[in-house]
Amino acid sequence: MKTVVLKVGGRLLDEATWPTVVAEVAGLRGRGHAVVIVHGGGPEITEMSARLGLEARFVQGRRVTDPSTLAVAEMVLSGVINRRLVGGLQRQGISALGLSGRDLDLIVACRRPGLGEVGEPVHVRREVLEALLQNDWVVVLAPICSDGHGRALNVNADEVAAAVAGALEAECLLLLTDTPGVLDAAGRRLPWLTPKAFDRLVQAGIIRDGMIPKAAAAVEALARGVRRVLITGLGPVALTRQIEEGGGGTWVGADEGVGFQARGVPDHGP
(Lines give C-alpha, C1' and ligand atoms only; values in the text may rest on other atoms or scores of the structure.)
Protein backbone atom coordinates (compact mmCIF):
# COMPACT_ATOMS: atom_id res chain seq x y z
CA MET A 1 0.00 0.00 0.00
CA LYS A 2 1.41 3.38 -1.05
CA THR A 3 0.72 5.77 1.79
CA VAL A 4 0.91 9.54 1.82
CA VAL A 5 0.67 11.45 5.09
CA LEU A 6 -0.68 14.94 4.54
CA LYS A 7 -0.32 17.57 7.25
CA VAL A 8 -2.59 20.58 6.83
CA GLY A 9 -1.90 23.75 8.80
CA GLY A 10 -4.46 25.83 10.60
CA ARG A 11 -4.63 28.62 8.03
CA LEU A 12 -5.54 26.15 5.27
CA LEU A 13 -8.52 24.74 7.13
CA ASP A 14 -11.12 27.47 6.58
CA GLU A 15 -14.26 26.95 4.57
CA ALA A 16 -12.84 28.74 1.52
CA THR A 17 -9.64 26.68 1.26
CA TRP A 18 -10.68 23.23 2.44
CA PRO A 19 -12.47 22.25 -0.84
CA THR A 20 -9.11 22.69 -2.62
CA VAL A 21 -7.48 20.35 -0.10
CA VAL A 22 -10.30 17.83 -0.61
CA ALA A 23 -9.70 17.93 -4.36
CA GLU A 24 -5.99 17.24 -3.75
CA VAL A 25 -6.89 14.28 -1.52
CA ALA A 26 -9.15 12.92 -4.26
CA GLY A 27 -6.27 13.27 -6.71
CA LEU A 28 -3.90 11.35 -4.45
CA ARG A 29 -6.44 8.57 -3.97
CA GLY A 30 -7.05 8.47 -7.70
CA ARG A 31 -3.36 7.69 -8.16
CA GLY A 32 -3.60 4.75 -5.78
CA HIS A 33 -2.38 6.38 -2.56
CA ALA A 34 -3.81 5.66 0.87
CA VAL A 35 -4.08 8.99 2.69
CA VAL A 36 -3.73 9.99 6.33
CA ILE A 37 -4.45 13.63 7.15
CA VAL A 38 -3.02 15.24 10.27
CA HIS A 39 -4.45 18.68 10.91
CA GLY A 40 -3.50 21.63 13.04
CA GLY A 41 -5.75 24.46 14.07
CA GLY A 42 -3.61 27.01 15.85
CA PRO A 43 -5.43 30.18 14.72
CA GLU A 44 -8.79 28.83 15.88
CA ILE A 45 -7.32 27.74 19.22
CA THR A 46 -5.88 31.22 19.68
CA GLU A 47 -9.20 32.84 18.78
CA MET A 48 -11.19 30.67 21.18
CA SER A 49 -8.60 31.16 23.93
CA ALA A 50 -8.90 34.94 23.54
CA ARG A 51 -12.67 34.72 23.85
CA LEU A 52 -12.17 32.90 27.13
CA GLY A 53 -9.57 35.34 28.41
CA LEU A 54 -6.57 33.02 27.95
CA GLU A 55 -3.31 34.43 26.67
CA ALA A 56 -1.53 32.58 23.85
CA ARG A 57 2.20 32.07 24.38
CA PHE A 58 4.67 30.33 22.07
CA VAL A 59 8.25 29.08 22.33
CA GLN A 60 9.94 28.43 18.96
CA GLY A 61 6.57 27.96 17.27
CA ARG A 62 5.17 25.61 19.95
CA ARG A 63 2.18 26.61 22.06
CA VAL A 64 2.72 26.80 25.82
CA THR A 65 -0.23 24.80 27.15
CA ASP A 66 -1.59 25.05 30.68
CA PRO A 67 -4.57 22.85 31.69
CA SER A 68 -7.12 25.48 30.61
CA THR A 69 -5.48 25.92 27.22
CA LEU A 70 -5.30 22.14 26.80
CA ALA A 71 -9.06 21.93 27.30
CA VAL A 72 -9.58 24.61 24.65
CA ALA A 73 -7.16 22.91 22.25
CA GLU A 74 -8.90 19.56 22.57
CA MET A 75 -12.33 21.13 22.13
CA VAL A 76 -11.29 23.02 19.00
CA LEU A 77 -9.09 20.34 17.39
CA SER A 78 -11.06 17.17 18.17
CA GLY A 79 -14.55 18.60 18.56
CA VAL A 80 -14.74 21.31 15.89
CA ILE A 81 -12.04 21.15 13.22
CA ASN A 82 -11.81 17.36 12.97
CA ARG A 83 -15.59 17.06 12.57
CA ARG A 84 -15.63 19.82 9.95
CA LEU A 85 -12.88 18.19 7.90
CA VAL A 86 -14.49 14.75 7.97
CA GLY A 87 -17.79 16.27 6.88
CA GLY A 88 -16.13 18.11 4.00
CA LEU A 89 -14.51 14.92 2.74
CA GLN A 90 -17.69 12.88 3.01
CA ARG A 91 -19.73 15.53 1.15
CA GLN A 92 -17.44 14.80 -1.79
CA GLY A 93 -17.94 11.04 -1.54
CA ILE A 94 -14.66 10.30 0.26
CA SER A 95 -15.10 7.92 3.19
CA ALA A 96 -13.32 9.48 6.16
CA LEU A 97 -12.87 8.63 9.82
CA GLY A 98 -11.92 11.30 12.36
CA LEU A 99 -9.82 10.39 15.39
CA SER A 100 -7.38 11.96 17.80
CA GLY A 101 -4.18 10.46 19.13
CA ARG A 102 -6.01 9.71 22.39
CA ASP A 103 -8.37 7.21 20.75
CA LEU A 104 -7.14 3.67 21.43
CA ASP A 105 -3.86 5.29 22.60
CA LEU A 106 -3.25 5.64 18.89
CA ILE A 107 -0.36 8.07 19.46
CA VAL A 108 1.42 8.07 22.80
CA ALA A 109 3.54 11.08 23.71
CA CYS A 110 5.93 11.96 26.49
CA ARG A 111 5.86 15.37 28.15
CA ARG A 112 8.09 18.04 26.61
CA PRO A 113 9.76 20.03 29.43
CA GLY A 114 9.01 23.72 29.85
CA LEU A 115 5.82 23.92 27.79
CA GLY A 116 3.20 22.63 30.21
CA GLU A 117 0.74 20.03 28.89
CA VAL A 118 2.74 19.52 25.71
CA GLY A 119 4.22 16.29 24.45
CA GLU A 120 6.29 14.75 21.69
CA PRO A 121 5.30 11.47 20.01
CA VAL A 122 7.06 8.31 21.15
CA HIS A 123 4.77 5.53 19.85
CA VAL A 124 2.22 5.11 17.06
CA ARG A 125 -0.08 2.09 16.80
CA ARG A 126 0.74 1.22 13.22
CA GLU A 127 -1.50 -1.83 13.14
CA VAL A 128 -4.60 0.25 13.88
CA LEU A 129 -3.89 2.79 11.17
CA GLU A 130 -3.10 0.09 8.63
CA ALA A 131 -6.36 -1.71 9.41
CA LEU A 132 -8.31 1.50 8.84
CA LEU A 133 -6.52 2.30 5.59
CA GLN A 134 -7.17 -1.23 4.30
CA ASN A 135 -10.87 -0.29 4.33
CA ASP A 136 -10.12 2.49 1.82
CA TRP A 137 -10.89 5.17 4.40
CA VAL A 138 -9.10 8.48 4.75
CA VAL A 139 -7.99 8.81 8.37
CA VAL A 140 -8.18 12.35 9.76
CA LEU A 141 -6.12 12.83 12.92
CA ALA A 142 -6.28 15.62 15.49
CA PRO A 143 -2.92 16.07 17.26
CA ILE A 144 -4.21 15.64 20.79
CA CYS A 145 -2.29 12.60 22.00
CA SER A 146 -2.29 10.23 24.95
CA ASP A 147 0.30 10.19 27.72
CA GLY A 148 -0.28 6.42 27.95
CA HIS A 149 -2.15 6.79 31.23
CA GLY A 150 -5.48 8.19 30.07
CA ARG A 151 -4.50 11.85 30.02
CA ALA A 152 -4.16 14.20 27.07
CA LEU A 153 -1.13 16.08 25.80
CA ASN A 154 -1.09 18.77 23.14
CA VAL A 155 1.40 17.85 20.41
CA ASN A 156 2.55 19.91 17.46
CA ALA A 157 0.75 18.61 14.38
CA ASP A 158 3.91 18.58 12.27
CA GLU A 159 5.56 16.28 14.82
CA VAL A 160 2.51 14.01 14.84
CA ALA A 161 2.59 13.84 11.04
CA ALA A 162 6.29 12.92 11.06
CA ALA A 163 5.72 10.18 13.65
CA VAL A 164 2.74 8.74 11.76
CA ALA A 165 4.61 8.82 8.45
CA GLY A 166 7.57 7.05 10.04
CA ALA A 167 5.42 4.37 11.66
CA LEU A 168 3.63 3.66 8.37
CA GLU A 169 6.86 3.82 6.35
CA ALA A 170 5.03 6.30 4.14
CA GLU A 171 6.06 6.88 0.58
CA CYS A 172 5.87 10.62 1.19
CA LEU A 173 5.17 13.12 3.94
CA LEU A 174 3.57 16.31 2.61
CA LEU A 175 3.67 19.29 4.97
CA LEU A 176 1.22 21.81 3.56
CA THR A 177 1.72 25.44 4.49
CA ASP A 178 0.53 28.87 3.38
CA THR A 179 3.85 29.57 1.63
CA PRO A 180 5.21 27.82 -1.50
CA GLY A 181 7.85 26.08 0.65
CA VAL A 182 10.80 27.12 2.82
CA LEU A 183 11.97 30.58 1.78
CA ASP A 184 15.44 32.12 1.88
CA ALA A 185 16.28 35.62 3.16
CA ALA A 186 15.15 37.13 -0.14
CA GLY A 187 11.80 35.33 -0.05
CA ARG A 188 12.73 32.82 -2.75
CA ARG A 189 11.67 29.20 -2.49
CA LEU A 190 14.45 26.77 -1.59
CA PRO A 191 14.09 23.69 -3.83
CA TRP A 192 15.70 21.46 -1.19
CA LEU A 193 16.87 21.62 2.41
CA THR A 194 19.35 19.51 4.37
CA PRO A 195 19.50 19.13 8.16
CA LYS A 196 22.70 21.20 8.27
CA ALA A 197 21.14 23.94 6.17
CA PHE A 198 18.07 23.89 8.42
CA ASP A 199 20.24 24.51 11.48
CA ARG A 200 22.04 27.39 9.77
CA LEU A 201 18.80 29.03 8.65
CA VAL A 202 17.29 28.79 12.13
CA GLN A 203 20.39 30.32 13.70
CA ALA A 204 20.28 33.12 11.13
CA GLY A 205 16.62 33.82 11.91
CA ILE A 206 15.52 33.01 8.35
CA ILE A 207 13.51 29.97 9.40
CA ARG A 208 11.43 31.15 12.35
CA ASP A 209 8.11 30.91 14.17
CA GLY A 210 5.84 28.11 12.92
CA MET A 211 8.26 27.05 10.20
CA ILE A 212 10.76 25.86 12.85
CA PRO A 213 8.72 22.83 14.02
CA LYS A 214 7.64 22.17 10.43
CA ALA A 215 11.19 21.92 9.08
CA ALA A 216 12.33 20.07 12.22
CA ALA A 217 9.52 17.55 11.69
CA ALA A 218 10.67 17.03 8.11
CA VAL A 219 14.18 16.23 9.32
CA GLU A 220 12.77 13.92 12.01
CA ALA A 221 10.63 12.11 9.44
CA LEU A 222 13.73 11.26 7.42
CA ALA A 223 15.36 9.89 10.56
CA ARG A 224 12.25 7.75 11.10
CA GLY A 225 12.64 6.19 7.66
CA VAL A 226 10.20 8.21 5.55
CA ARG A 227 11.34 8.06 1.95
CA ARG A 228 10.50 11.59 0.86
CA VAL A 229 9.41 14.80 2.60
CA LEU A 230 8.01 17.86 0.86
CA ILE A 231 7.14 21.20 2.44
CA THR A 232 4.81 22.94 0.00
CA GLY A 233 1.72 25.06 -0.44
CA LEU A 234 -1.48 24.82 -2.40
CA GLY A 235 -0.96 26.27 -5.85
CA PRO A 236 -1.06 25.71 -9.59
CA VAL A 237 0.96 22.49 -9.38
CA ALA A 238 -1.15 19.61 -8.05
CA LEU A 239 0.27 17.58 -5.17
CA THR A 240 0.19 14.40 -7.26
CA ARG A 241 2.34 16.11 -9.89
CA GLN A 242 4.72 17.49 -7.25
CA ILE A 243 5.21 13.98 -5.88
CA GLU A 244 5.65 12.35 -9.28
CA GLU A 245 7.38 15.09 -11.30
CA GLY A 246 8.53 17.81 -8.91
CA GLY A 247 7.94 21.44 -9.78
CA GLY A 248 7.19 22.99 -6.43
CA GLY A 249 7.82 23.15 -2.71
CA THR A 250 10.97 22.36 -0.72
CA TRP A 251 12.20 18.78 -0.68
CA VAL A 252 14.03 17.79 2.49
CA GLY A 253 16.87 15.29 2.28
CA ALA A 254 20.04 14.19 4.04
CA ASP A 255 22.24 15.44 1.18
CA GLU A 256 21.50 18.44 -0.98
CA GLY A 257 20.10 17.41 -4.32
CA VAL A 258 21.06 13.74 -4.01
CA GLY A 259 18.33 11.60 -5.57
CA PHE A 260 16.01 14.52 -6.28
CA GLN A 261 16.75 14.87 -9.98
CA ALA A 262 16.04 11.16 -10.41
CA ARG A 263 12.54 11.81 -9.10
CA GLY A 264 11.98 14.69 -11.49
CA VAL A 265 12.60 17.42 -8.95
CA PRO A 266 14.32 20.38 -10.61
CA ASP A 267 17.63 21.60 -9.26
CA HIS A 268 16.63 25.27 -9.31
CA GLY A 269 14.09 27.55 -7.70
CA PRO A 270 10.95 29.00 -9.28
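Here are the numbers for this structure:
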item: Criterion violated by residue 152 - all others in (1) crowded, with 22+ Cβ neighbours inside 10 Å; (2) modelled with pLDDT under 95 satisfied; result: (2)
item: Index of the failed condition, residue 129 passing every other in (1) closer than 28 Å to residue 15 by Cα; (2) surrounded by fewer than 17 Cβ atoms within 10 Å (Cβ to Cβ); (3) at pLDDT 95 or above; result: (2)
item: Residue selected from the range 88-108 under the condition more than 30 Å from residue 53 (Cα to Cα) and not aliphatic (A, V, I, L, M), by the criterion surrounded by the most Cβ atoms within 10 Å (Cβ to Cβ); result: 88
item: Residue under evaluation residue 12, criteria (1) of a type in the set (A, V, I, L, M, F, W, C); (2) touching a residue at least 12 places away in the same chain (Cβ under 8 Å); (3) more than 21 Å from residue 211 (Cα to Cα), criterion not met; result: (3)
item: Residue among 197, 204, 170 that is touching an Asp or Glu at 6+ places or on another chain (Cβ under 8 Å), small (Gly, Ala, Ser) and at pLDDT 85 or above; result: 197
item: Strands (runs of 3 or more DSSP E) within the range 56-125 that include 2 or more residues closer than 24 Å to residue 15 by Cα; result: 96-101
item: Number of the condition not met by residue 231 [criteria: (1) of a type outside the set (Ser, Thr, Tyr); (2) in contact with a Leu (Cβ under 8 Å, 6 or more places away or on another chain); (3) surrounded by fewer than 19 Cβ atoms within 10 Å (Cβ to Cβ)]; result: (3)
item: Lone qualifier among 164, 155, 140 - being in contact with a helix residue (DSSP H, G or I) (Cβ under 6 Å, 6 or more places away or on another chain), β-branched (Val, Ile, Thr) and within 20 Å of residue 9 (Cα to Cα); result: 140
item: Per-region count, the range 105-125, residues charged (D, E, K, R) and in contact with a helix residue (DSSP H, G or I) (Cβ under 7 Å, 6 or more places away or on another chain); result: 3
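Let's see how each residue does on (1) more than 23 Å from residue 218 (Cα to Cα); (2) surrounded by fewer than 21 Cβ atoms within 10 Å (Cβ to Cβ); (3) modelled with pLDDT under 95; (4) in contact with a strand residue (DSSP E or B) (Cβ under 9 Å, 6 or more places away or on another chain):
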| position | (1), (2), (3), (4) |
| --- | --- |
| 19 | yes, yes, yes, no |
| 32 | yes, yes, yes, yes |
| 59 | no, yes, yes, no |
| 64 | no, yes, yes, yes |
| 113 | no, yes, yes, no |
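The values are calculated or read from the model by the stated rules, or taken from the named source; none is laboratory data. This one's a predicted model, so the numbers in the text were calculated from it and none came from an experiment. Please note: Cβ atoms are built from the backbone with ideal geometry, for glycine as well, and neighbour counts cover all protein chains shown.
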